[in-house]
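The values are calculated or read from the model by the stated rules, or taken from the named source; none is laboratory data. Predicted model only: the values in this text are computed from it and were never measured. We place every Cβ from the backbone using ideal geometry, glycine too, and count neighbours over all the protein chains shown.
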Amino acid sequence: MARVKNASREGASKGAVSAPVVSCVGLISKRTQASVGEVVRRFEESLAARGVKVLLDKECARHAGRAGEALPRRSMVGKVDLAICLGGDGTFLSVARRFAPAGTPIMGVNLGRLGFLTEVESAEFEVFFDRYLAGECVVMERMMLEADVPGDDSRAPISVLNDVVITKSALSRMLEFEVRIDGVVVSSYRADGLIVATPTGSTAYSLAAAGPIIVPDMRAVVINPICPHALSQRPIVVPDDSRISITLREGHGNVFLSLDGQVGFPLADDAEVCVRRSPHVARLVRDPSVTFYELLRLKLGWGEGQRGGRFS
């Protein structure tokens with residue numbers, strides 16, 4: 001596997017970084033535009049010119065016109081030194097859940113719009129990849145959460161990078177649930193739902209629900225009610241080693257558990273959802289010269305500091 005220096009703070013490591021050994025990468029995409037095929041073919045040629053073997057997932061192989069060469073993502077785990085994710089943050093989340101248990105670094109190439117997780121634009125890929133090979137990038141470890149539904153033996157605990165969300169369907173009444181942290185009752189909520197987010201996920205759904213932005217390397221978890229009935233019920237930030245228990249009260253039906261906004265299933269009226277820090281971390285390839293605060297300015301349009309390509 002690739003050997004790269006880890007960094008605990010976004011943009012903090014500016015010294016020498018050991019160069020990774022990259023002999024095989026996986027190209028992964030979920031985008032459906034025809035232009036993705038051109039990107040895949042260009043990346044393949046670039047990587048081959050650098051002596052790197054390339055494995056294609058189903059979507060990349062289809063875009064490149066070689067569906068017969070596709071390899072399931074699960075089969076790439078343990079075989080690639082680097083997972084290159086082509087798409088937006090949604091694609092990145094699914095790749096993170098798949099490759100985090102193996103500790104595989106993930107490089108996000110933004111083909112979407114906002115792109116908090118995807119690090120580099122398509123046009124800048126070759127320059128950024130060469131910097132990675134030269135040891136000029138860092139691999140940031142991002143905490144993940146693990147969600148479990150005790151009593152539901154049909155589902156194993158699932159790790160997520162962004163958030164665990166309990167929500168209602170469009171026609172359901174307001175939900176009622178009790179939240180405990182380390183066995184201590186925090187509050188009984190009446191709300192449209194509840195978000196439990198990592199620092200990485202604090203800029204996703206939780207931010208849209210008026211939650212706080214948390215610096216990614218903080219050891220914290222956000223608990224954020226969605227449209228609470230009482231204005232006094234506000235988001236709370238707790239330590240990352242907290243054991244969070246959410247118990248539904250009264251039967252309303254049509255209650256769902258959503259994981260990273262991509263995996264979900266219905267909950268029983270009296271279900272309990274337990275959330276804790278996952279034993280796995282997502283490993284993101286980052287440019288150490290770009291701080292998280294600069295990223296906020298770039299992505300959220302906060303005044304001065306917006307700029308074009310970083311590597312031109």
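Name the residue, out of Val238, Val263, Val275, that is more than 28 Å from Gly135 (Cβ to Cβ), surrounded by fewer than 19 Cβ atoms within 10 Å (Cβ to Cβ), among the aliphatic types (A, V, I, L, M) and modelled with pLDDT of 95 or more.
So the residue among Val238, Val263, Val275 that is more than 28 Å from Gly135 (Cβ to Cβ), surrounded by fewer than 19 Cβ atoms within 10 Å (Cβ to Cβ), among the aliphatic types (A, V, I, L, M) and modelled with pLDDT of 95 or more is Val238.
Which residue pairs have Cβ atoms under 7 Å apart, sit 6 or more places apart or on different chains, and have a first residue in the range 251-278 that is outside the structural domain of Ala96 (by TED's automatic domain parsing) and within 16 Å of Ile195 (Cβ to Cβ) and a second that is modelled with pLDDT of 90 or more and among the hydroxyl-bearing types (Ser, Thr, Tyr)?
Close Cβ pairs satisfying both conditions: Phe256/Thr167; Ser258/Thr167; Gly261/Tyr205; Gln262/Ser94; Gly264/Ser258; Cys274/Ser245.
Out of all the residues in the range 179-207, which are part of a loop (DSSP other than H, G, I, E, B) and more than 18 Å from Gln233 (Cβ to Cβ)?
Asp182, Gly183, Thr198, Pro199, Ala204
Do we have any residue at all in the range 88-110 that's surrounded by 16 or more Cβ atoms within 10 Å (Cβ to Cβ) and basic (Lys, Arg)?
Within the range 88-110, one or more residues are surrounded by 16 or more Cβ atoms within 10 Å (Cβ to Cβ) and basic (Lys, Arg).
If I go through the range 171-209 residue by residue, how many of them are small (Gly, Ala, Ser) and under 26 Å from the mean Cα position of the chain (by Cα)?
Total satisfying the criteria: 9.
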